[in-house]
Amino acid sequence: MSFLISAVTAIAAHLRMWTEGLVAPFQLAPAILSAKGDGLKAKAAAALKEPRAQRLALRFARAFLPNLVLSRQFVAAYPNTGTAIVTRHQDVIEVLDRNADFEVAYEPKMRAITGGENFFLGMQDTPLYTRDTSNMRLAMRRDDVATTIQPLARRLAEQLVAGHAKGLDLPNDLTLRVPTAIVTDYFGITGAPNSNLVAWATVMFWYLFVDLAGDAEVARKALDAAAASRAMIDTAIAQRKASGEAKDDVLDRCLVLQKAGEPGMDDLGIRNNLIGLFIGAIPTISRACVQALDQLLDRPQALASAQAAARSGDDALLAAHVFEAFRFNPINPLIYRRAARDVRIPKGSMVLAVNLSAMFDPLRIDAPESFRTDRPWGDYILWGYGMHTCFGAHVNRAVMPAILKPLLLKPGLRRAAGAAGRIDGGGTPFPQHFSVQWD
């Protein structure tokens, strides 16, 4: 009987997927026709920047072209022989889990950022990867999240929101400032104005993970930022060692490991690991918070429920609202790997594992289009998956609700009028402005 029930359930899920796939082009067409731009191609490009339009297009791909292999090279930033687009949950997970078959491609850019060495996010499953990640887990301890990082984020977010009477510009006034404080106060990376830290981390992240076109100007800015960041961190290391000052931060713990003779913890190794953490912290946390709140503001019922959870002090339920909202527009809608051998996908192909699609796959996700706060954490692929999951994923998971809670406590929380109340990237992939107001 259980086999029969499973078979019927699977058939029903497939029928639903195919039906939604057939309908999706007709739902997508109005969004394209109403988008800004001269000509259908420009309108389509503009429309597909919106999360809802992306999800509609992915419904069709998931139903009828789930593993689309093309000879065309869509990614110019890394050497490749073509493109494969993978959209079903099971296949996305398989790509991200099979590290020997689908390799990370970041190494050349990682070496450019560090001035020669790789960083563990650009490594395959090697002894160096194990050494460096193990060292940094000793320096960046998991229990720091509850004892240090989350309280820091909560205190600062409360202070920043309290400093504004009726509204704020979310990135500049809140979501960039909190992770920058984590970088300075917890990582121990100091020596430059906060505005420089934000700008450097943002353009380096853009260069490493977002710029698939290989934009020369982005590369130039990123490498300039990298040189400045290396000098800053080198100075911070030298000053800490010269002063003999002991602080319970990540830098100090790295120096303790260095004194103990831990391999990979010389000054250069410490700098390379710190620059990787620095790049990943500021732009990701800020963008994630902005995009999650943007999705909540699009859903009045979900927003009211999130605010009720904040007022009642139910932080777990509040967090569930934040991450469910984030599912509808994650910071990385796709994760790319390169086929290291012929595995139904030709060797050398750049494989785009579309985690946005995977999180809405009706073959795996229950009621994918519904906003639900009771989903198991395994339904989410928000910061990668497997060996190369974002090193700070547990930090992000704790910090995002802490940053947004003081805002969600505000009565009448809403977008500012007009364009100010919409996310403005200012010509970058990252939110530069997004104004909200309250009563």
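The values are calculated or read from the model by the stated rules, or taken from the named source; none is laboratory data. Since the model is a prediction, treat every value here as computed from it, not as a measurement. Note that each Cβ is placed from the backbone with ideal geometry, even for glycine, and that neighbours are counted across all protein chains shown. The protein model used for the area step is the full one, side chains on, heavy atoms only, and it has no ligands, DNA or RNA in it. Shrake-Rupley method; radii C 1.70, N 1.55, O 1.52, S 1.80 Å.
Within the chain, what's the longest stretch lacking GluC sites (Glu not before Pro) that sit in DSSP loops with no more than 14 other Cβ atoms inside 10 Å?
On the way: sites that count: E245, E369.
For GluC sites (Glu not before Pro) (loop position, at most 14 other Cβ atoms within 10 Å), the longest site-free span of the chain is 1-244.
Run the numbers for R141 and A213: contour at 0.36 nm per residue of separation, minus the present Cα-Cα distance, in nm. Write down the numbers at each step before the final one.
On the way: separation 72, 0.36 × 72 = 25.92 nm, distance 3.61 nm.
Going from the current span to full extension adds 22.3 nm.
Going 7 Å from the Cα of Q27 in the Cα-to-Cβ direction, what parts of segment 58-82 have a backbone nitrogen less than 15 Å from that spot?
Correct set: 58-64.
Please list 3J(HN,Hα) in residue order for segment 41-48, calculated via the Karplus relation 6.51 cos²θ - 1.76 cosθ + 1.60 where θ = phi - 60°; whole Hz, with x for glycine and proline.
Running phi through 6.51 cos²θ - 1.76 cosθ + 1.60 with θ = phi - 60° gives 5, 5, 5, 5, 4, 5, 5, 6 Hz.
For segment 30-70, run through the trypsin sites (Lys or Arg not before Pro) and keep only the ones in DSSP coil with at most 14 other Cβ atoms within 10 Å of their Cβ. Working shown, then result.
Values: sites: K36, K41, K43, K49, R52, R55, R59, R62; in loops: K36, K49.
Sparse-neighbourhood loop trypsin sites (Lys or Arg not before Pro): K36, K49.
Shape call for segment 15-74 from the C-alpha gyration tensor, a ≥ b ≥ c root eigenvalues: rounded (a/c under 1.5), prolate (a/b greater than b/c) or oblate?
Details: a/c = 2.55, a/b = 1.28, b/c = 1.99.
Verdict is oblate for segment 15-74.
Per residue, how much accessible area does the chain have with a 1.4 Å probe, in Å²?
For the chain, the solvent-accessible area averages 44 Å² per residue.
Which label marks the calculated value of Rg and Dmax of the Cα atoms in Å, given the options (1) 22.7, 67; (2) 26.9, 89; (3) 22.2, 72?
Looking at Rg and Dmax of the Cα atoms in Å for this model, the match is (3).
Tell me the trypsin sites (Lys or Arg not before Pro) within segment 163-257 that lie in a loop according to DSSP and have at most 14 other beta-carbon atoms within 10 Å.
K166, K247
Calculate what fraction, in whole %, of the accessible area of segment 193-299 sits on carbon and sulfur atoms when a 1.4 Å probe is rolled over the protein chains. Please list the in-between numbers first.
On the way: 2160 of 4040 Å².
With neighbouring chains kept in place, the figure for segment 193-299 is 53 percent.
Considering the chain as a Gaussian network with a 10 Å cut-off on Cα pairs, which listed residue, I270, I381, I11, attains the greatest mean-square fluctuation?
I11
Over segment 361-439, one equal point on each Cα, no solvent: what is log10 I(q)/I(0) by the Debye formula at q = 0.20 Å⁻¹?
Evaluating at q = 0.20 Å⁻¹ gives log10 I(q)/I(0) of -1.17.
Can you spot the lysines whose alpha carbon is less than 18 Å from K405's alpha carbon? Ignore those fewer than 8 places along the same chain.
Counting by Cα, and skipping residues close in sequence, K405 has these lysines nearby: K166.
Does segment 308-439 come out rounded, prolate or oblate by the C-alpha gyration tensor, with a ≥ b ≥ c the root eigenvalues, rounded set by a/c under 1.5 and, if not, prolate when a/b is larger than b/c and oblate if not? List each step's numbers first, then the result.
Values: a/c = 2.30, a/b = 1.64, b/c = 1.40.
Taking the square roots of the gyration eigenvalues as a ≥ b ≥ c, segment 308-439 is prolate.
Which residue fluctuates most in the GNM of the chain (Cα springs below 10 Å): R364, R338, R137?
Highest fluctuation of the listed residues: R137.
In the P(r) worked out for segment 256-321, what percent of Cα pairs fall beyond 16 Å? Walk me through the intermediate numbers first.
Numbers: 1382 of 2145 pairs.
Result for the distance tail: 64 percent.
For the chain, modelled as a Gaussian network with Cα springs under 10 Å, which listed residue fluctuates most, G384, G261, G418?
Most flexible of the set in this elastic network: G418.
Report, to the nearest whole %, how much of the accessible area of segment 53-127 belongs to carbon and sulfur atoms, 1.4 Å probe, protein only. Spell out each step's value before the answer.
On the way: 1710 of 3180 Å².
Carbon and sulfur atoms account for 54 percent of the accessible area of segment 53-127.
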